[in-house]
1. For the stretch A:386-426, which residues satisfy the criterion of being over 19 Å from A:Asn38 (Cα atoms) and crowded, with 16+ Cβ neighbours inside 10 Å?
2. Exactly one condition in (1) at pLDDT below 90; (2) in a strand (DSSP E or B) is not met by A:Tyr312; state its number.
3. For the stretch A:391-430: of the residues being within 11 Å of RNA strand B (Cβ to nearest atom) and within 21 Å of A:Phe6 (Cβ to Cβ), which is nearest to the chain's Cα centre (by Cα)?
4. Any residue at all in the stretch A:451-462 that is more than 7 Å from RNA strand B (Cβ to nearest atom) and in a strand (DSSP E or B)?
5. Out of all the residues in the stretch A:386-419, which are free of Cβ contacts under 8 Å to residues at least 60 places away in the same chain and under 15 Å from A:Val475 (Cβ atoms)?
6. Given the conditions (1) more than 8 Å from RNA strand B (Cβ to nearest atom); (2) surrounded by fewer than 18 Cβ atoms within 10 Å (Cβ to Cβ); (3) more than 19 Å from A:Gly295 (Cβ to Cβ), which single one is not true for A:Gly509?
7. Only one of A:Lys328, A:Lys342 is assigned by TED's automatic domain parsing to the domain that holds A:Thr242, more than 11 Å from RNA strand B (Cβ to nearest atom) and open to solvent by 40 Å² or more (accessible area, probe 1.4 Å); which?
8. Could you please find all residues in the stretch A:1-52 being under 18 Å from the mean Cα position of the chain (by Cα), more than 12 Å from RNA strand B (Cβ to nearest atom) and outside any helix (DSSP H, G or I)?
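The values are calculated or read from the model by the stated rules, or taken from the named source; none is laboratory data. These numbers were taken from a predicted model, which means no experiment stands behind them. Cβ coordinates were reconstructed from backbone atoms using ideal geometry, including for glycine residues, and neighbour counts include every protein chain displayed. These area figures cover heavy atoms from the full protein model, side chains too; ligands, DNA and RNA do not enter into them. Shrake-Rupley method; radii C 1.70, N 1.55, O 1.52, S 1.80 Å.
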Amino acid sequence: MSEEHFKSVISHAKEYGFVFLSSEIYDGLAAVYDYGQNGVELKKNIREYWWKSMVQLHENIVGVDASIFMAPDVWKASGHVDGFSDPMIDNKDSKKRYRADVLIEDFQEKYRVKNQKEITKAKKRFGEDFDLEQFVATNPNIARNNAKIEAIDERLKEGLESGNLHLVKELIEELGIACPVSGSKNWTDVRQFNLMYSTQMSATDGDNKIYLRPETAQGIFVNYLNVQKTGRMKLPFGIAQTGKAFRNEIVARQFIMRMKEFEQMEMQFFVTPGQEMEWYNHWKSHRMKWHLNLGIDKRKYRFHDHIKLAHYANAAVDIEFDFPFGFKEVEGIHSRTDFDLKQHELATGKKLQYFDHEKNESYIPYVVETSIGLDRMFLVLMSNALQTEDLGDGQTRTVLKLPPALSPFQCAILPLVKKDGLPELAKKIMRDLSLDFNCYYEEKDSIGKRYRRQDAIGTPICITVDHDSVNDQAVTIRYRDTMNQMRVSLSELHETIEKEVSMKALLKGLI
RNA sequence: GCGGGAGUAGCUCAGCUGGCCAGAGCAUCAGCCUUCCAAGCUGAGGGUCGCGGGUUCGAAUCCCGUCUCCCGCUCCA
C-alpha cells in the first residue's frame, strides 16, 4: 500500500458518506472528524463486534459506561497530570523538537561516559588489584563529574517542579547544549505540552478545573469495586467499556489515525497477582484472533513489543496493522500491575482490595488491559477493504470489501425496473428483511450502476427483483466480492442472507 | 510551534502573460427509455473563484495580510 492509496481512502471516505472533516463549512477543525451516514453504521458495527466478542461471549466480563468527567484527583492519582505534560523545546535552525528534560539528561550522560572511561583506564592500570568501589569513591575526576550531574539534576528539578520553564531554558543555554542535528544553540523557549484537555465544572468561572478523560480505563478502575461487589464478580473477571477520550496531541494528523477526540474500546481484566503474565499472553493471542477473524491477511498484522514501558506497565505489546503509511499501532495490550488500583487506594484511603476466599486473604488484583482505538480499527477496515479491481477491457470496479457483518448495509434491494409492480414487491421484501438487517432500497438508474454504487459502500449482497419474481416468488442474489449471481426463492432468502452477513456468523469464528 | 505544498460547482480539475465568458467531465434533480454489472436521450439546478485589503477603468488572474487543510519534526489508542 502507499500514500496514493491512503489518499484514495480519505477521499472515498468522504465521497461516500463515511467520514467528514469536523465543522467543514467553517473551514474545518484540525484533527477532528465526523462520521457520516455510512461511517456511523460501520463504526457502530465494529463496536458491536467488539462488545459482543468481549462481553457477550465471556461470562466473566461485564460492561460499564463511565462518564467523561471525573474527579480531578483521579488524574493526579493515575499519573496523567504529571506524567503526560512534557516540557518541549525547538531548535530554530534544524526545526527539530526535543523534550527539554531529555536534552539535559543526554548532556549529563556525557559525564557518565567520562566516568566510565576513567574506570576502564584505571582497570588497565591496576590490573588484578583494582577495587571499583574504592576507585569511584576516591577519584577526583569522577567526584567532579558526579557533582556536575547532581547540580544539573537539582536545577532541572527546580525548574520542572516550580513550573518556571524559563529556568530550564537557562540551564540549557548555560550548559551550552547544542542541537544534535544543526549543531546550533538557537533555541525557542521551553513550552509545556499538556496531554489532557480541561474545562471548568461550574457555570461561573473560577478555580474548578476539570479534565476530559484521556483514557476510559480510569472510569473502570474507580468503579471496579462497585462492579465487583454488586455483580458478585470473582477473580479473574473483566470490565469492558467503549467511549470517547480526548488527548491534546502535539501533532495529531494522518486522517482519523490520530484525533484529538477519539473512541476507545477497553477491557480491564482483574487477576490474582502472579497470574498476570499468563493472562497477558492469553489476551495477546485472543485479541489477535479477533482481528484475524475479520478475514484480513495475517501478513498485515504483527505484534510489537514495547521496550520502553509506560509508567503503569510491566509488559506491553502493540498489535500493529500495515496501514498505507506503514505498520502502526491499532491496539495495545498492557500488563498494568496493581499500579492504578494502588494509586487510587493511596489517594482516597479507601480499601480497593479483593477478598480471595480460597486463599483467605485480601489483595489488590493485578490488571491486564486490552485497549483498541475504534477509529483506528475503522481505518484498518477502510484501508484494507478499498480496492480497485481490473475487470479487463480497461474496465475497473471500485469495491469496498468489508467484512459483511460490519458493512453499513448488509443488503440492497433493487427492483430491476421502476414499474410493473416490481418496486411494490421489492418494498415488501425490504420490510421483512429490515427487522434483521440494515437494507438499502434503490430504484433509480440501470441495475449495473446500482450494483457499483453498492460495491462502493461495501454492501455484500444485492437482491434484484425482476419480472419473474412476481410469478415464481424468487429473486436474484448478487455477491459483492465475486459478482456471481444466484436465484433464491423468497422463502429461503432470509436464511441465505443471514448465513453470509450476520454478526452471529462472524462471531462463530471466535468460539 | 517551525518549514514545505494547496485552496475555483458535491467530486476531479481547466482558466492564472489582468478585459469573450466563471467553464469542462463526472455527480445531482426532473422527464423519456425498461435495461442483470457504471458512463443512452432531453432539460434543469448549483460557485460572492478560502477570507480581507490594495493596485487598476477593470482582479479567479498582480501585490500584501489572514484563515484553513495536507505533508515533515514529537507522542500515542
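1. Answer for the stretch A:386-426, where residues must be over 19 Å from A:Asn38 (Cα atoms) and crowded, with 16+ Cβ neighbours inside 10 Å: A:Pro415, A:Leu416, A:Leu422, A:Pro423, A:Leu425, A:Ala426.
2. Result: A:Tyr312 fails condition (2) only.
3. For the stretch A:391-430, the residue satisfying everything is A:Val399.
4. Yes: one or more hits.
5. Correct list: A:Ala412, A:Ile413, A:Leu414, A:Pro415, A:Leu416, A:Val417.
6. A:Gly509 satisfies every listed condition except (3).
7. A:Lys342
8. Correct list: A:Asp34, A:Tyr35.
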